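In what follows, a single structure is set out as structure tokens and then discussed.
The values are calculated or read from the model by the stated rules, or taken from the named source; none is laboratory data. Computed from a prediction, not measured in an experiment: that's the story for all the values here. A quick note on method: Cβ atoms are made from the backbone with ideal geometry, for glycine too, and the neighbour counts reach across all protein chains shown.
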Amino acid sequence: MATNYVSLRATQEQLDIARKSVAAQKQNADVTRERYRLGLISAVDVAQAEGQAASTAADIPTLESSIKQSIHRLGILLGLPPESLLPLLSAPKPLPELPTPLLATGLPSDLLYRRPDVRQAERKLAAASADIGVATADLYPKFDLTAGLGLQGSMPSKIVGFSTWYWSVIPGLTWPMFDAGKIRATVEKKKALYEESLASYKATFHTALEDVENALAAYYAEREREHHLVLSVAAYQEALDVDNERYTRGLTTFLTVLTDQAALYSAQTALSKSRANLRTDLVSLYKALGGGWKVATAKAAS
């Protein structure tokens, strides 16, 4: 649910980027047509401007389709008809905010015990350990204190009150001395099953640890990537603003403007995807830990 919701909001953001880019590119195409009418440029510039605007506009139907597919998927995940969430989710909304602080340092390993697979493996190990004790207990003699308990009187009418009961001095005794070999074999079998459960528990725990480490690595790497993409978008936007001004003055070619526009659109789209990946990586981390967590903060003394 969380991953699909993030994907929906990210795609809506990318659709907005595409529409704004198309509007800017169409405006540049209008400028080139006017300059061509005045004889200041060749028809090539007009064709390039119109071609770039059309190329960017071609992304819009694909993004719109992806948005509807994400909404349909969310409906299915909630057990609803696919189109039932369209009125609720069609309006664009920003991506969910990341928690602050983003991540706790030195996450304790006992957080992994909240995972269902780790808890299941631990309970199986505990049960296998208990089975060894049960099987070993069969090697020892068993006393039955109720074996010496009886009743006085042969008629039901005479069995009245505590005085009709009697206790024998010697309790019952059972000792499986002739089945000792079979019992020892059972004990060894239970020990082998315990070792198997122990190996399974270790494997499950290590897999859980791997999931957490992978999620943390992906999160921190994506956060670094997002930082560089923010700088990239700012730089390309500045370059485009300067080159647009230079182009209107005839100081540069339209090819330079086209290159800047394409680079900016690509960087903005990449930044949007990176921001979405950052959130889905955090979702993966929550899943790997069996849920989220809250960082304890010390209250300042008044």
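Considering the conditions (1) under 23 Å from Gln237 (Cβ atoms); (2) among the acidic types (Asp, Glu); (3) modelled with pLDDT of 90 or more, Asp45 is excluded by exactly one of them, (3). Filtered by the rule that a residue be modelled with pLDDT of 80 or more and not in a helix (DSSP H, G or I), segment 168-216 gives no residues.
Out of everything in segment 236-257 that is part of a helix (DSSP H, G or I) and β-branched (Val, Ile, Thr), what residue ends up being modelled with the lowest pLDDT? Only one residue fits best here, namely Thr248. Return yes when Gly150 is in a strand (DSSP E or B) and modelled with pLDDT under 80 and no when it is not. Answer is yes for this residue. Highlighted here are the helices (runs of 4 or more DSSP H) found entirely within segment 24-90 that include at least 3 residues which are surrounded by 16 or more Cβ atoms within 10 Å (Cβ to Cβ): 43-57, 59-77. All of Glu13, Glu50 fail the test of being outside the structural domain of Phe254 (by TED's automatic domain parsing) and modelled with pLDDT of 95 or more, apart from Glu13.
Among the residues of segment 2-10, are any among the aromatic types (Phe, Trp, Tyr), surrounded by 19 or more Cβ atoms within 10 Å (Cβ to Cβ), in contact with a helix residue (DSSP H, G or I) (Cβ under 8 Å, 6 or more places away or on another chain) and not assigned by TED's automatic domain parsing to the domain that holds Asp241? Yes, some residue in segment 2-10 is among the aromatic types (Phe, Trp, Tyr), surrounded by 19 or more Cβ atoms within 10 Å (Cβ to Cβ), in contact with a helix residue (DSSP H, G or I) (Cβ under 8 Å, 6 or more places away or on another chain) and not assigned by TED's automatic domain parsing to the domain that holds Asp241. When the criteria are applied in full, Leu231 fails the requirement of being over 18 Å from Lys20 (Cα atoms) and either surrounded by 13 or more Cβ atoms within 10 Å (Cβ to Cβ) or in contact with a helix residue (DSSP H, G or I) (Cβ under 8 Å, 6 or more places away or on another chain) (or both). Filter segment 20-41 down to residues that are under 21 Å from Ala262 (Cα atoms) and without any contact (Cβ under 8 Å) to a residue 24 or more places away in the chain and give me whichever is farthest from the chain's Cα centre (by Cα). Selected residue: Arg33. Put simply, of Pro99, Pro116, Pro61 the only residue that is over 30 Å from Lys190 (Cα atoms) and modelled with pLDDT of 85 or more is Pro61.
Candidates are the residues of segment 208-222 that are buried (at least 16 other Cβ atoms within 10 Å of the Cβ) and either touching a residue at least 60 places away in the same chain (Cβ under 8 Å) or touching a Gly at 6+ places or on another chain (Cβ under 6 Å) (or both); the one that is farthest from Leu282 (Cα to Cα) is Ala208.
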